[in-house]
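Worksheet for the structure shown next.
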Amino acid sequence: MIVQMEHAIKPDVTQVEGQQTARQSDLVEAVRRGQAFPAEIHKSLQGVDAVVDVREFSLWYGASRALYSVSFSIPRKGVTALIGPSGCGKSTLLRSINRLNDLVDGVRVEGQMLLNQSPVYAPDVDVIELRKRLGMVFQKPNPFPMSIFENVIYPLRIDGENRRSLLEEACERALRAAALWDEVKDRLRSSALRLSGGQQQRLCIARAIVADPEVLLLDEPCSALDPLSTARIEELIHEISARYTVIIVTHNMQQAARVSKQTAFMYLGRLVEFGPTADVFQAPRLRETEQYVSGRFG
Ligand SMILES: Nc1ncnc2c1ncn2[C@@H]1O[C@H](COP(=O)(O)OP(=O)(O)O)[C@@H](O)[C@H]1O
Ligand SMILES: [Mg+2]
């Protein structure tokens, strides 16, 4: 796998200009030596109003390094896509934002991560409180074995909220935002497990936004869904991003191109290029990005 990728990203001296060739050789060299590589951050994404600020962030699972000094700023509102071949660290980076990786034995991090300016990894951070500020949706829908209503308002319930009218309003608001209200409003008390896969995933999105998170983290949320449910969720992600900052991991490049405003391309634990989605797909700065988005490796 790695051999094949290294081959794929070998600089092609005949086709690129001098400066770019040097950068690409640097990436190949950095990967070979196990070093970090400075990302190509497009100008419009430098110095933005960052919701999540990643600063020289590295992560190890035991002895094995998964992230190499990643630095970039995720702007407020809209959808940011994380793309790259399987195993390049997309989920690891996403799960570092809400510190889900803390649950893995032997994890070590270096560098900084800021959520709306507040440090995610400072010693005094209450991880439970931190996680309340983020909503997360996983590959497979994971409704709890309880009613649709109780699923949606679960984050409020565990936060001690018991006022009936408030919970009912919040439930309706979240289900409407998740484009599920009309389909379930007459059966809020029935089990969430009886919903279809696509409905279950929209339910999980409703649950992830009911407590008004600062960021919504989506880890390949459509990978277990059929094309119609996928289209539905993509439309929903687009709508939700008018109000929320959404970060989506996807290995589906068409999906990244369809739903996101900016795209970060990752490769072997490095952030390679981060730019407006149209530019990353149609006019990538680096040849690695161009080769990946055109489907030549990964
Ligand atoms: N819980 C874990 N323990 C040890 N290694 C892990 C764990 N999760 C992921 N990794 C490793 O970290 C690297 C990045 O994985 P991951 O973030 O899941 O990649 P992606 O989401 O891009 O497919 C891979 O080499 C993977 O094997
Ligand atoms: Mg993943």
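Laboratory data are not the source of any read-out in this text; all were calculated from the coordinates shown. In this text, all values refer to a predicted model and were calculated from it rather than measured experimentally. Cβ: placed from backbone, ideal geometry, glycine included. Neighbour counts: every protein chain shown.
Quick notes on this structure:
- Normalised contact order of the chain, rounded percent, pairs of Cα under 8 Å and 6 or more residues apart: 27
- Spatial offset of region 20-55 relative to region 68-94 amounts to 12 Å, using the alpha carbon center of each.
- DSSP-defined beta bridges in the chain - what % are antiparallel, rounded to 5: 55
- Sequence-distant contacts, meaning Cα pairs under 8 Å at least 6 residues apart, place the relative contact order of region 142-212 at 53 percent.
- For region 198-212 versus region 242-263, the gap between their alpha-carbon centres in whole angstrom: 17
- Computed FRET value (nearest 0.05) for Ala122 with Asp212, which takes r as the C-beta separation and R₀ as 25 Å: 0.60
- Relative to the longest principal axis of the Cα atoms of the chain, the long axis of helix 164-177 lies at roughly 40 degrees.
- Exceedance of the 20 Å cut-off in Cα-Cα distance is limited, within the set Lys132/Lys261; Lys90/Lys261; Lys77/Lys261, to Lys132/Lys261.
- Across region 136-266, the relative contact order, built from alpha-carbon pairs under 8 Å that are at least six residues apart, equals 32 percent.
- Cα long-axis angle, helix 148-158 against the chain (0 to 90 degrees, to the nearest 10): 80
- Loop-located GluC sites (Glu not before Pro) in region 120-218 (DSSP state other than H, G, I, E, B) with a sparse environment of at most 14 neighbouring Cβ atoms within 10 Å: Glu161.
- Potential lengthening between Asp26 and Ser44 on full extension [0.36 nm per residue; Cα-Cα distance subtracted]: 4.1 nm
- Remark: spin-label model distance Glu129-Ser190 equals 4.2 nm, labels positioned 7 Å along the Cα→Cβ axis.
- Amide hydrogen proximity for Met266: with H placed 1.01 Å from N in the peptide plane, the residues at 5 or more positions away or on another chain lying under 5 Å are Ile83, Gly84, Val272.
- Long-range HN-HN contacts of Val215 with modeled amide H, under 5 Å: Gly135
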